[in-house]
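Scroll down for the structure; my scribbles are underneath it.
The values are calculated or read from the model by the stated rules, or taken from the named source; none is laboratory data. Just so it is clear, the structure is predicted and the values come from calculations on it, not from any experiment. With ideal geometry, Cβ positions are generated from the backbone for all residues, glycine too; neighbour counts draw on all protein chains shown. Heavy atoms of the whole protein, side chains included, go into the accessibility calculation; ligands, DNA and RNA do not. Shrake-Rupley method; radii C 1.70, N 1.55, O 1.52, S 1.80 Å.
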Amino acid sequence: MQPNPPSLLGESPAFHAVLAHVSRVAPLERPLLVIGERGTGKELIAARLHYLSRRWDRPFVKVNCAALTESLLDSELFGHEAGAFTGAIRRQIGRVEQADGGTLFLDEIATASAAVQEKLLRAVEYGEIERVGGRTQTVDVRVIGATNADLPALAEAGRFRADLLDRLAFDVVTLPPLRARREDIPVLAEHFALGMVRELERSLFPGFAPRALEQLLDHGWPGNVRELRNAVERSVAASDPEGLVEDILLDPFASDWRPAAPATPSPSPVAEEEAPPSPTGDFQERVRRFESGLLETALERNRFNQRQTAEALGLGYHQLRGLLKKHGLIGKPE
C-alpha cells in the first residue's frame, strides 16, 4: 500500500500552483531542484516528490550537505572500504548506495565542495560511484537537490559546477515565501496551535484574539513556516488555557529582566523658569535638557549612589560617569 505523501497546508493560489507542479514532475525519472528560503518546507516537498513517484516503496535518503566537512561528506555520500584510510576499520555503505532504487535528497547542495560535486555529477550522469578505496559500481538513484542559494549566479562565478547544475535543473520547483501566501497564515497558525494544545493535553483551543491575528498577518516572517510554527507554539504555551491567545510572542529573546527606565520627570516650575528660553525646533537643546533632568532625578532617587543609578537606568557604570561629566553633574556627592 502506497503511503500518503506528507501533509502540506495552504489555500493560496501560489501554494496550489506549487502542489500542481510537484504532482506533474513527481512521476518523471529525472533529477530535480527545490529552491526556497529557509523554513519554506523544501524537505517536505522533496518527500512529496518521492512518495508520488514510482519509487515510493524504495528508500528516501536525506543528507544535509552543510552539516559535514568535505571529507566527511565524501565518505557519507559514497562510503569507503575497510582500510581505505586511517580509522576505516570496516566497510561503510554510502548514502548514495543506500538510496539505490529510491531517492536521494541533498539539502543545502550549494555548500558541497568541488570534489564532491564532481562525484555527484558522475552519479547523476552515469549512475556510477566509487567507495573510497573501492571499485566503480552502478546505482539507480533519483537525486533531488535543495538550496536557498542562487545556483546560476554561483555557477557563473565558478563556485558551483555548471554541468552539475545543468543535470540537476531538469526542472526546478520554487517555493514561495510565507509573505507571498498570506492567506495561508491563519490556516497554518491554527494547525500549529491545535498541535500544541494536544501536546499540552488541554481540552480545547479557544482561538486567536483579533490583536494576535493582526500580528500574525503583519509580520514579515523571514523564517517562513518554521518561524511561524515556533511563534505560534510559543504563544499558545504561554497563554491562558481557557482564554484566547492575546499576543504572538515573535521574539523569544525579548525579556523584561532589565529595570524599566524611570518615568519622565515633569519639569518643576522653578526649573522651567531658570532654563534659558529655547527657540521652537531647537531639538538638540531640548534633548540635552531632558537627558540632564533624567540623570538628576535618577541620582536623587538613588541617593547619589552612582552604581545604583547606573543599574536603575540600565547603563554601565562608566557610561553613567561619562554622561554625568557631559552634563556637569560629576561633582554630585556619591
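Of the peptides 144-153, 67-76, 42-51, the order by per-residue mean of other Cβ atoms within 10 Å, starting with the highest, comes out as 42-51, 144-153, 67-76.
Counting Lys and Arg as +1 and Asp and Glu as -1 over every other residue whose Cβ lies under 13 Å from the Cβ of Val245, the net charge comes to -4.
Given [x] 91, 51, 41; [y] 57, 50, 38; [z] 60, 41, 38 as candidate values of Cα extents along the principal axes in Å, which corresponds to the one derived from the coordinates? For Cα extents along the principal axes in Å, the calculated option is [x]. Counting every pair of alpha carbons in the stretch 182-246, the share spaced more than 14 Å apart comes to 52 percent. Summing charges over all other residues whose Cβ lies under 15 Å from the Cβ of Asp166, with Lys and Arg as +1 and Asp and Glu as -1, gives -1.
Peptides 109-120, 296-307, ordered by how many other C-beta atoms sit within 10 Å of their residues on average, highest first, read 109-120, 296-307.
Considering only Gly127, Leu49, Ala155, whose Cα is most displaced toward the positive end of the charge dipole of the stretch 40-168, charges sitting on Cβ of Lys, Arg (+1) and Asp, Glu (-1)? The Cα lying farthest towards the positive end belongs to Leu49.
Legend: calculated FRET efficiency, Arg307 to Leu200, from the Cβ-Cβ distance at R0 = 30 Å, rounded to 0.05, equals 0.10. Any aspartates and glutamates with Cα under 12 Å of the Lys42 Cα? List them, leaving off those in the same chain fewer than 8 positions away. Excluding near neighbours in sequence, the set is Asp107, Glu108. Considering only alpha-carbon pairs that sit under 8 angstrom and 6 or more positions apart, the relative contact order computed for the chain is 17 percent. Taking each residue as 0.36 nm, the span from Glu11 to Asp240 lengthens on full extension beyond its C-alpha to C-alpha distance by 79.5 nm. Dipole size of the chain about its Cα centre, with +1 on Lys/Arg Cβ and -1 on Asp/Glu Cβ: approximately 700 debye, rounded to the nearest 20. Based on Cα contacts under 8 Å between residues 6+ apart, the stretch 55-208 shows a relative contact order of 21 percent. Taking all protein chains as they are arranged and a probe of 1.4 Å, the heavy atoms of Glu125 leave approximately 80 Å² accessible to solvent.
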